[in-house]
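Participant: Pasting a structure here, questions to come.
The values are calculated or read from the model by the stated rules, or taken from the named source; none is laboratory data. Fair warning: this is a prediction, and the values are worked out from it, not measured in the lab. FYI the Cβ positions are ideal-geometry reconstructions off the backbone, even for glycines, and counts take in every protein chain you see.
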Amino acid sequence: MDVRDDVYEYSLDNHHGETEGKKIRTLFLKVLAVLSLITIVEVAMGMMWSRDESMRAVLKYSFILMTLVKAGGITWYFMHMGDEKKTFQYVVIVPFFVMIGYLIFIALTEATYLGTIRPSVENYLGF
Amino acid sequence: MASHAVHHTAPSHSDHSANPWGGGTSPFKISYGKMMMWFFLLSDAFTFSGLLTAYGFMRHKYEDIWPTAGDVFTHFPFYSGHIELAYVAFMTFILIASSVTMVLAVEAGHRMDRKKVQLWMVWTIVGGLIFVGSQAWEWYHFIHGTPQGAYLLADGVTVMRHKIDPHTHVLEEGAFLVPANDRSGFVEVAGAEAAKLKETATHIHGANLKHNEYGIPLFANFFFFITGFHGFHVFSGVIINFLIFLGVVNGTYEKRGHYEMVEKSGLYWHFVDLVWVFVFTFFYLL
């Protein structure tokens, strides 16, 4: 096979031996353990408090926080984002948070307002 | 893992290392294919975020009458009772586990261990199929609904539901719930009032794009669209993984000297898991 010398055919020379492989596999199992544990905690919290109005805000924010931790774990370790160059990490992550952060903010603000002026349930499909 | 040396195929370019943006070298030190896979995933992340934000928009607008997922998804295979969230938690675990088997295939590729790459890819594909099957199973139950159903009132939109005890999931005899006019949630109706409402109502079971036994039709619309779009991603992921698996079996990547194709399909597969983490939280938990 021809190897071009002006591009990276294979970016990370990730070839490694058995000793290093073992360390990496242990890390993946640890990440799996943490992700599973968070999921179990989430489901348990949901089962216990999902109908308790006083716990609503606590549940909401702790679920969102735990979800972001899980998403971070998947991106950083499973998708190897942690191994990429810092410039590349910024190229992918910054546009996402800037745009989606704004979208979430404006959508939820507007929706909450529309909810307060909604005429009544009869025409609740008229949005 | 950060200690891996970057492999550059052109030693003559090493003099560019002083200025990585000066041309002749890749400043991100990442291959074209992998970089483009990341950019595709970024655009796909925008799509899913758009969908989930639209869902959040409608949910906030109809916060008072939005159904509780715990009331809707209570089925568990081979068990006639109700356990809320248990099966979705199982599905989530399956997807996370298949993400781990995928990353183990990638790791085996870094050691050029073809046998192990094959093995872990097979497990990943199996996990993906279990997940897609589970989703089909859940759609089936959502579409068919409960034997007792609900009543679609004469306005064609409002649903009168049987009242369920949230802890035991047993129906409360003769008690129904309808959305309150003052946006304060649901009000209970029973006896003559309920009988009068039933006269002009249609008895419905389950959910489709027009009506939804469990409450507001938008809940079903978003559920079908978002889990369907995600399920389609899982399905494509299984197909892609299978094709890459064939490449592994045929020795294509062994000849090439590296298993980067497994890494690229792995990125896509992890992304599918990543999206599910959010769908799980916003559809089922909250």
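Participant: Of everything in the stretch B:265-286, what is over 11 Å from the mean Cα position of the chain (by Cα) and more than 11 Å from every other protein chain (Cβ to nearest Cβ)? Give them in sequence order. Spell out the reasoning first.
Facilitator: In the first step, residues of the stretch B:265-286 are kept if they are over 11 Å from the mean Cα position of the chain (by Cα); the result is B:265-270, B:285-286.
Across the stretch B:265-286, the qualifying residue is only B:SER265.
Participant: Looking at the stretch B:201-223, which of its residues are small (Gly, Ala, Ser) and part of a loop (DSSP other than H, G, I, E, B)? Talk me through it step by step, then tell me what you get.
Facilitator: Kept after step one, since they are small (Gly, Ala, Ser), are these residues of the stretch B:201-223: B:201, B:206-207, B:215, B:220.
B:ALA201, B:GLY206, B:GLY215 - these are the residues of the stretch B:201-223 that are small (Gly, Ala, Ser) and part of a loop (DSSP other than H, G, I, E, B).
Participant: If you check A:MET47 against the conditions, is it within 7 Å of chain B (Cβ to nearest Cβ), more than 15 Å from B:TRP276 (Cα to Cα) and either touching a strand residue (DSSP E or B) at 6+ places or on another chain (Cβ under 9 Å) or assigned to a helix (DSSP H, G or I) (or both)?
Facilitator: Values: within 7 Å of chain B (Cβ to nearest Cβ): yes; more than 15 Å from B:TRP276 (Cα to Cα): yes; either touching a strand residue (DSSP E or B) at 6+ places or on another chain (Cβ under 9 Å) or assigned to a helix (DSSP H, G or I) (or both): yes.
Yes: the conditions hold for A:MET47.
Residue-by-condition table, conditions (1) over 30 Å from A:MET48 (Cβ atoms); (2) of a type in the set (Lys, Arg); (3) surrounded by 20 or more Cβ atoms within 10 Å (Cβ to Cβ):
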| position | (1), (2), (3) |
| --- | --- |
| B:PHE232 | yes, no, no |
| B:PHE242 | yes, no, no |
| B:VAL248 | yes, no, yes |
| B:ARG256 | yes, yes, no |
| B:VAL279 | no, no, yes |
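Participant: Something else about it: Quickly run through the stretch B:58-69 and pick out the residues that are part of a helix (DSSP H, G or I) and either crowded, with 20+ Cβ neighbours inside 10 Å or in contact with a strand residue (DSSP E or B) (Cβ under 6 Å, 6 or more places away or on another chain) (or both). Break it down stepwise before answering.
Facilitator: Initially, the stretch B:58-69 is screened for residues part of a helix (DSSP H, G or I), giving B:58-61, B:63-65, B:69.
B:MET58, B:ARG59, B:LYS61, B:ILE65, B:ALA69 - these are the residues of the stretch B:58-69 that are part of a helix (DSSP H, G or I) and either crowded, with 20+ Cβ neighbours inside 10 Å or in contact with a strand residue (DSSP E or B) (Cβ under 6 Å, 6 or more places away or on another chain) (or both).
Participant: Here is a follow-up. For B:THR25, which of the numbered conditions (1) touching a Ser or Thr at 6+ places or on another chain (Cβ under 9 Å); (2) facing chain A (nearest Cβ under 7 Å); (3) at pLDDT 70 or above fails to hold?
Facilitator: If we test B:THR25 against (1) touching a Ser or Thr at 6+ places or on another chain (Cβ under 9 Å); (2) facing chain A (nearest Cβ under 7 Å); (3) at pLDDT 70 or above, just (2) comes out false.
Rundown of residues vs (1) at pLDDT below 95; (2) in contact with a Gly (Cβ under 9 Å, 6 or more places away or on another chain), yes/no style:
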residue	(1), (2)
B:LEU52	no, no
B:LYS61	yes, yes
B:ILE65	yes, yes
B:VAL72	yes, yes
B:PRO77	yes, no
B:GLY81	yes, no
B:SER98	no, yes
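Participant: Something else: Only one of (1) surrounded by fewer than 22 Cβ atoms within 10 Å (Cβ to Cβ); (2) touching a residue at least 24 places away in the same chain (Cβ under 8 Å); (3) under 21 Å from A:ARG51 (Cβ atoms) fails for B:PHE76. Which number is that?
Facilitator: (2)
Participant: While we're looking at this one, here's another question. Among the numbered criteria (1) of a type in the set (Val, Ile, Thr); (2) within 20 Å of the chain's Cα centre (by Cα); (3) surrounded by 18 or more Cβ atoms within 10 Å (Cβ to Cβ); (4) closer than 30 Å to B:PHE242 by Cα, which one does B:VAL117 miss?
Facilitator: (2)
Participant: When you scan the stretch B:151-208, how many residues do you find that are surrounded by 15 or more Cβ atoms within 10 Å (Cβ to Cβ) and out of contact with any strand residue (DSSP E or B) (no Cβ under 9 Å at 6 or more places or on another chain)?
Facilitator: So the answer is 4.
Participant: How many residues are assigned to a helix (DSSP H, G or I) and either among the small types (Gly, Ala, Ser) or facing chain A (nearest Cβ under 7 Å) (or both) if we restrict to the stretch B:85-123?
Facilitator: The total comes to 16.
Participant: Out of A:VAL69, A:VAL94, which single residue is at pLDDT 95 or above and under 22 Å from B:PHE28 (Cβ atoms)?
Facilitator: Values: A:VAL69 fails: under 22 Å from B:PHE28 (Cβ atoms).
On inspection, the qualifying residue turns out to be A:VAL94.
Here's the yes/no breakdown for (1) exposed (fewer than 11 other Cβ atoms within 10 Å of the Cβ); (2) modelled with pLDDT under 60:
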site: A:MET1; (1), (2): yes, yes
site: A:SER11; (1), (2): no, yes
site: A:ASN14; (1), (2): no, no
site: A:GLY17; (1), (2): yes, no
site: A:ILE24; (1), (2): no, no
site: A:LYS30; (1), (2): no, no
site: A:SER36; (1), (2): no, no
site: A:ILE40; (1), (2): no, no
site: A:ALA44; (1), (2): no, no
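Participant: Which is of a type in the set (A, V, I, L, M) and touching a Phe, Trp or Tyr at 6+ places or on another chain (Cβ under 8 Å), of A:VAL91, A:VAL69, A:VAL98? Full working, then the answer.
Facilitator: Details: A:VAL69 fails: touching a Phe, Trp or Tyr at 6+ places or on another chain (Cβ under 8 Å); A:VAL98 fails: touching a Phe, Trp or Tyr at 6+ places or on another chain (Cβ under 8 Å).
Just a single option satisfies the conditions, and that option is A:VAL91.
Participant: A further question on this structure: Could you tell me whether any residue of the stretch B:243-255 is in contact with an Asp or Glu (Cβ under 9 Å, 6 or more places away or on another chain) and more than 15 Å from B:ALA154 (Cα to Cα)?
Facilitator: Taking the stretch B:243-255 as the starting set, the residues that turn out to be in contact with an Asp or Glu (Cβ under 9 Å, 6 or more places away or on another chain) are B:248, B:253.
Subset that is more than 15 Å from B:ALA154 (Cα to Cα): B:248, B:253.
Within the stretch B:243-255, one or more residues are in contact with an Asp or Glu (Cβ under 9 Å, 6 or more places away or on another chain) and more than 15 Å from B:ALA154 (Cα to Cα).
Participant: Has the stretch B:126-148 got any residue that is surrounded by fewer than 17 Cβ atoms within 10 Å (Cβ to Cβ) and in a loop (DSSP other than H, G, I, E, B)?
Facilitator: The answer is yes; a qualifying residue exists.
Participant: When you scan the stretch B:236-247, do you find a residue that is touching a Gly at 6+ places or on another chain (Cβ under 8 Å), part of a helix (DSSP H, G or I) and of a type outside the set (Val, Ile, Thr), even just one? Walk me through how you get there before you give the answer.
Facilitator: Here is the first cut: in the stretch B:236-247, the ones touching a Gly at 6+ places or on another chain (Cβ under 8 Å) are B:237-238, B:241.
Those left that are additionally part of a helix (DSSP H, G or I): B:237-238, B:241.
Among the residues that remain, those that are also of a type outside the set (Val, Ile, Thr) are: B:237, B:241.
Yes.
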